[in-house]
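To keep things clear, I will list the structure first and then write my remarks on it.
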Amino acid sequence: MTTRKPDAIAILGGTGDQGLGLALRFARAGRPVVIGSRKEERAATAADEVRKAVPGADVVGLENAEATRRADIVILSVPFEHTAGTVKALKDVLAPDQIVVSMGVPLATAIGDGAVRTVGVWQGSCAELVDSLVPDGLAVVSAFQNVASHRLQDLAHDVECDVIVSGAKAARERVMALCRLIPGMRAVDGGPLANARYVEGWTALLIGLNVRYKVSEGMGFRLTHLPGGA
Ligand SMILES: NC(=O)c1ccc[n+]([C@@H]2O[C@H](COP(=O)([O-])OP(=O)(O)OC[C@H]3O[C@@H](n4cnc5c(N)ncnc54)[C@H](OP(=O)(O)O)[C@@H]3O)[C@@H](O)[C@H]2O)c1
């Protein structure tokens, strides 16, 4: 039986830009990282890339199901249109004591339209779609939608953005603690999971802003006058 490593973070689709960026940041913070992929070889290649950038990193690359078994916290980093299929494939692997982090954004690219607008999701948001598919008792938390992959991968600089974290309180607080591992990332308590619908939409707005202001590395949001700085 596979044992979960204390503090490990699994990132499914961690071979892509966003997942790899988070893997680099968490590895640099000293957390064990498990990169998941549909193909173990691709995951292993991504793990090598993390080790190259972060010498001594505790990182492995595994097929998505095996990666899921290795961590309490599982971050979904696949395109929105493949979210339901990915979660359904893990139905018998996910356990009620795990936390699944939804980072997906229902960009209209999913239906062949542009990335500066979203499509409606019956459940209200990508995060709530995920919530409708996971085993009973498992907590889904929404986070990281408004962070650009370029900023995450650029280890020479702090990311400089706020991350709104939504979901059930105890799980939400664990994910907020993860945000604080990343220099320049401030965790903001986003309340219940239903608020993910606002945050997901902001990503489409950010993509348009990046185009208009020609910021190819990606902008981020900062809230003002936040008491205590979260
Ligand atoms: N990129 C950004 O700046 C950014 C910013 C905010 C939020 N996000 C969100 O983060 C998530 C990942 O973004 P990304 O840009 O990293 O995406 P991506 O590179 O397009 O895809 C990420 C990974 O998803 C897996 N994947 C692709 N097709 C799949 C399929 N049919 N079924 C299952 N898995 C599939 C692939 O991993 P394998 O081939 O290895 O399985 C791929 O490496 C998305 O939900 C996106 O909305 C991204």
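None of the figures in this text is laboratory data; all of them are computed from the coordinates on show. As the structure is a computational prediction, the values presented were derived from the model and not from experiment. Here the Cβ positions follow ideal geometry from the backbone for every residue, glycine too, while neighbour counts run over all protein chains shown.
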- Note on the structure: Expected sort for Cys161, Cys126 with the fewest Cβ neighbours (10 Å cutoff) up front is Cys161, Cys126
- Mind giving me the FRET efficiency for Lys88 and Arg51? R0 is 30 Å, r the Cβ-Cβ distance, nearest 0.05 is fine. 0.40
- Lys and Arg at +1, Asp and Glu at -1: neighbours of Asn195 with Cβ under 11 Å from its Cβ sum to -1
- Note on the structure: Sorted by chain and then number, the residues having a modelled amide H within less than 5 Å of the amide H of Val33, at least 5 places away or on another chain, are Ile9, Asp58, Val59, Val60
- Which shape class applies to the chain: rounded if a/c is under 1.5, otherwise prolate when a/b exceeds b/c and oblate if not, where a ≥ b ≥ c are the square roots of the Cα gyration tensor eigenvalues? rounded
- Message: Under the 0.36 nm per residue contour assumption, what length would be gained going from the current alpha-carbon distance of Leu155 and Arg38 to full extension?
- Response: 39.5 nm
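Tally Lys and Arg at +1 and Asp and Glu at -1 over the other residues with C-beta under 13 Å from the C-beta of Lys39: what net charge comes out?
Charge balance near Lys39 sits at -2.
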- Determine the percent antiparallel among the DSSP beta bridges restricted to the chain, to the nearest 5. 10
- Can you list the aspartates and glutamates whose alpha carbon sits under 18 Å from that of Lys169, skipping same-chain ones fewer than 8 residues off? Asp72, Asp97, Glu128, Asp131, Asp136, Asp189
- Which whole-Hz couplings ³J(HN,Hα) result when phi for each residue of region 144-160 is put into the Karplus expression 6.51 cos²θ - 1.76 cosθ + 1.60, θ = phi - 60°, listed in order with x for Gly and Pro? 6, 6, 9, 9, 7, 4, 4, 5, 5, 7, 7, 5, 6, 10, 5, 6, 6
- Message: Tell me whether region 97-222 comes out rounded, prolate or oblate; compute the Cα gyration tensor, take square roots of the eigenvalues as a ≥ b ≥ c, and use a/c under 1.5 as the rounded threshold.
- Response: oblate
- Task: Would you grab the residues whose amide H sits under 5 Å from the one on Gly14? Only those 5+ places off in sequence or on another chain, please, with H modelled 1.01 Å from N.
- Result: Gly36
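Once the other residues with Cβ under 11 Å from the Cβ of Ile99 are scored (Lys, Arg +1; Asp, Glu -1), what is the net sum?
Here the charged neighbours net out to -1.
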- Taking placed amide H atoms and a strict 5 Å upper bound, the residues 5 or more places from Met185 or on another chain that come that close are Val159, Glu160, Cys161
